[in-house]
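Heads up, the thing below is written out as structure tokens.
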Amino acid sequence: MSVLTQKQILERIKKGDLIFKPPIDEFQLQAHAVDLRLGYTFMIPKQWILTANGRESLRVDHLNDVNTSNLHDIIELEKGQYFELLPGEHVLASTLESIKWPADLMSVLYPKSSTNRRGLAVDLTGIIDAGYEGQLIIPIKNNTTGHSIRLYPGERFCQITFQELCEPSEKPRGTYHQKDIVEGFILNKKYKDYDMIKKGDVLELKEKYKIDLS
């Protein structure tokens, strides 16, 4: 497995099998990575809602909640607007770019060091599956105790690297393809192992779904 260089990234873009919308600019292209710009969509966690029973606190239960749209306030900024992240506050944001890449590429997303130095925690490092298509979700936390931190849509915020697989993935994770972060966050895919995990049947799960190596 090898990481694509700037030249290889450009070759893939020219071939049309690595697509950025909107297209990347010269500031974003690095020696062996692409800087991604911050988008306009922010999702702020709610703490409570008013129901027929009264004021109820909200909790995140990804194994039981099919629709989690009531957990966040969604803000769509306009041209020229910014977003001030309060001390200790945690939000989800979108990348400006929507990306599409083929089944023979996987990617890894990293925070930029300049972002972390501002007091922001962008705990985003992780694998994004081959064949992915859509915007990426950026979890952001203000680690400072007394300063708000101003975020500007369009600023270069994180980096993505691409790695060639030894062979194309047979099953690109199509269930993760999404048009935007709101759709991707709310429409949770329920997998077969969820019900067994909720019941505590973890060992039974491992036995039932063990990989056949014969």
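The values are calculated or read from the model by the stated rules, or taken from the named source; none is laboratory data. Computed from a prediction, not measured in an experiment: that's the story for all the values here. Cβ sites come from the backbone with ideal geometry, for glycine too, and all protein chains shown count toward neighbours.
Residue check: Met106 meets all listed conditions (1) closer than 30 Å to Met196 by Cα; (2) touching an Asp or Glu at 6+ places or on another chain (Cβ under 8 Å); (3) exposed (fewer than 13 other Cβ atoms within 10 Å of the Cβ) but one, namely (3). Apart from one condition, Arg37 fits all of (1) in contact with a Gly (Cβ under 7 Å, 6 or more places away or on another chain); (2) outside any strand (DSSP E or B); (3) of a type in the set (D, E, K, R); the exception is (2). The single condition among (1) at positive phi; (2) in contact with a helix residue (DSSP H, G or I) (Cβ under 9 Å, 6 or more places away or on another chain) that Leu136 does not meet is (1).
Please verify whether Val91 is without any contact (Cβ under 8 Å) to a residue 40 or more places away in the chain and surrounded by 15 or more Cβ atoms within 10 Å (Cβ to Cβ), treating the condition exactly as stated. Please lay out each step first, then the result.
Details: without any contact (Cβ under 8 Å) to a residue 40 or more places away in the chain: no; surrounded by 15 or more Cβ atoms within 10 Å (Cβ to Cβ): yes.
Considered against the rule, which asks whether it is without any contact (Cβ under 8 Å) to a residue 40 or more places away in the chain and surrounded by 15 or more Cβ atoms within 10 Å (Cβ to Cβ), Val91 comes out as no.
Residue count for the range 92-107 satisfying the condition of being more than 11 Å from the chain's Cα centre (by Cα) and farther than 21 Å from Lys14 by Cβ: 1.
Every condition in (1) surrounded by 15 or more Cβ atoms within 10 Å (Cβ to Cβ); (2) of a type in the set (Phe, Trp, Tyr); (3) assigned to a loop (DSSP other than H, G, I, E, B) holds for Phe42 except the one numbered (3). It is to be established whether one or more residues within the range 61-84 are crowded, with 18+ Cβ neighbours inside 10 Å, modelled with pLDDT of 95 or more and touching a Leu at 6+ places or on another chain (Cβ under 6 Å). Looking for residues that are crowded, with 18+ Cβ neighbours inside 10 Å, modelled with pLDDT of 95 or more and touching a Leu at 6+ places or on another chain (Cβ under 6 Å), one finds at least one in the range 61-84, hence yes. Scanning the range 45-88 for residues that are in contact (Cβ under 8 Å) with a residue 24 or more places away in the chain, under 30 Å from Ile197 (Cβ atoms) and in a loop (DSSP other than H, G, I, E, B) yields a count of 7. Set side by side, the residues Thr95, Thr115, Thr51 differ, and just one is among the hydroxyl-bearing types (Ser, Thr, Tyr) and more than 30 Å from Thr5 (Cα to Cα), which is Thr51.
From the list Tyr191, Tyr176, which residue is of a type in the set (Phe, Trp, Tyr) and either at pLDDT 80 or above or more than 17 Å from Ile137 (Cα to Cα) (or both)? After ruling out the rest, the residue left standing is Tyr191.
Tell me which residues, restricted to the range 200-214, are loosely packed, with under 10 Cβ neighbours inside 10 Å and under 18 Å from His62 (Cα atoms).
Of all residues in the range 200-214, those loosely packed, with under 10 Cβ neighbours inside 10 Å come to 200, 203, 207, 210-214.
If the condition is that a residue be loosely packed, with under 10 Cβ neighbours inside 10 Å and under 18 Å from His62 (Cα atoms), then Gly200 is the only one that fits.
Residues in the range 134-159 that are surrounded by fewer than 16 Cβ atoms within 10 Å (Cβ to Cβ), in a strand (DSSP E or B) and either under 11 Å from the mean Cα position of the chain (by Cα) or among the acidic types (Asp, Glu) (or both): Pro139 only.
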